[in-house]
Amino acid sequence: MPMKILDRKLRKKRTLVFVDLEGTGYSHEMIEIGAYLTTLNEDGTIKKVHAPFKRYVLAHNRIGHFVENMTGISEQLLKKEGRPFAEVLRDFRKYVGKHWEDALFVTFGNHDMVIFHRSLEENPDASEIIVKYITRNDFDFSAFLAPYVQDLNGNPLSLANYLKVFQVPFEGKAHDALADAYNLMDLYKAVLDRPDILAEEYGKTLTHYHHAPLPVSKIIKKLTSGEAVNPEEWDIAVAETFK
């Protein structure tokens, strides 16, 4: 079995599609999508990684200089290689194929869902059914990690910094949709491979957490009942979160 906190998020699904999108600077229309379709073992580990999916997407509005400089995607590139959003959405549905009903779409942050919906608004010929299905089955991995791994101000980390925490090198160029999807997949693997790091980071987070998570509650209950608590019991309480 996968760790309990992850098992609840997986909802018994055995297909994860790691997705990253790039969008225009102001209208937030999709200009690139990259994805890796994976199937899982019973313990949540990745069993198979399928061939990747990547498309450039035509937008109705300008990309914007900031996004163009950040992603390397130009208006000329989209004119040459971009396809209409409705077509790309159909292609993506075909890519997931027989795994569609069993899939969770793993993203990092909530902006990808914004891009899907803004693109749908600009392209009424595109499938609303597909976009709504992806939204209902979105698994924001940043939101999953944020309660356990934070900076000293209680903020979630970037994808690159989460990878550093789990001692995984960032592959490729940031803000390339396919590279970011690949690195997100690597982060998922690392979290499963290194529950010890997750527990250690959670221990750090608890020192500046504003609420009382389960390990803290357990220790408080022991203390208020007159029981002595030693450092080893605290380590066990934190580690049990990830069993």
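Data table
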| read-out | value |
| --- | --- |
| Distance between modelled label sites at LYS4 and SER127, nm, 7 Å Cα→Cβ extension | 3.8 nm |
| Of LYS47/LYS222; LYS4/LYS98; LYS54/LYS189; LYS164/LYS218; LYS47/LYS243; LYS47/LYS218, those spanning more than 32 Å from alpha-carbon to alpha-carbon | LYS47/LYS222; LYS47/LYS218 |
| Amide H contacts under 5 Å for GLY44, placed H, 5+ residues apart | none |
| Calculated diffusion of the range 118-227, Stokes-Einstein form, Kirkwood radius summed over Cα pairs, 25 °C and 0.890 mPa s, µm²/s | 147 µm²/s |
| SER217 paired with GLU42, simple spin-label distance in nm, labels 7 Å along Cα-to-beta-carbon | 3.0 nm |
| Simple spin-label estimate for ALA160 and LYS98 in nanometres, 7 Å along Cα-Cβ | 4.1 nm |
| Helical mean residue ellipticity (222 nm; -39500 (n - 2.57) per DSSP H run of 4+; nearest 500) of the chain | -13500 deg cm²/dmol |
| Note, ³J(HN,Hα) from phi for the range 194-200, Karplus 6.51, -1.76, 1.60, rounded to Hz, x at Gly and Pro | 10, x, 5, 5, 4, 5, 4 |
| Cα coordinate range in the range 141-194, projected on the principal axes (Å, largest first) | 29, 23, 17 |
| Stokes-Einstein D (µm²/s) once Rh is taken as the Kirkwood radius of the chain over alpha-carbon pairs, at 20 °C in 1.002 mPa s | 110 µm²/s |
| Karplus 3J(HN,Hα) series, Hz, for the range 126-141 with 6.51 cos²θ - 1.76 cosθ + 1.60 (x for Gly, Pro) | 7, 7, 5, 4, 5, 5, 5, 5, 4, 4, 5, 10, 7, 10, 7, 6 |
| Sequence-distant residues sharing a close amide H with PHE105 (under 5 Å, placed H) | VAL17, ASP138, PHE139 |
| Full-stretch length increase - ARG11, ALA228 - with 0.36 nm per residue and alpha-carbon distance subtracted | 74.3 nm |
| Taking the convex hull of Cα positions in the range 91-144, its mean projected area over all directions (nm²) | 3.8 nm² |
| Student exercise, the chain dipole from Lys, Arg, Asp, Glu Cβ charges, in Debye to nearest 20 | 640 debye |
| Calculated from backbone phi, Karplus (6.51, -1.76, 1.60) coupling profile of the range 151-161 in Hz, x at Gly/Pro | 7, 5, 9, x, 9, x, 9, 6, 4, 4, 6 |
| Mean separation of Cα contacts under 8 Å, 6 or more apart, over the residue count of the chain: relative contact order % | 21 percent |
| Under 15 Å, Cβ to Cβ, from GLY154 - net charge with Lys/Arg +1 and Asp/Glu -1 | -1 |
| Segment LYS79-ALA143, length gained on full extension (0.36 nm per residue, minus Cα span) | 19.5 nm |
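Taken together, the values in this text are just the output of simple stated rules run on the coordinates, not laboratory data. It should be emphasised that the depicted structure is a prediction, and the values quoted were computed from it without experimental measurement. All Cβ positions, glycine included, derive from the backbone under ideal geometry; neighbour counts span all protein chains shown.
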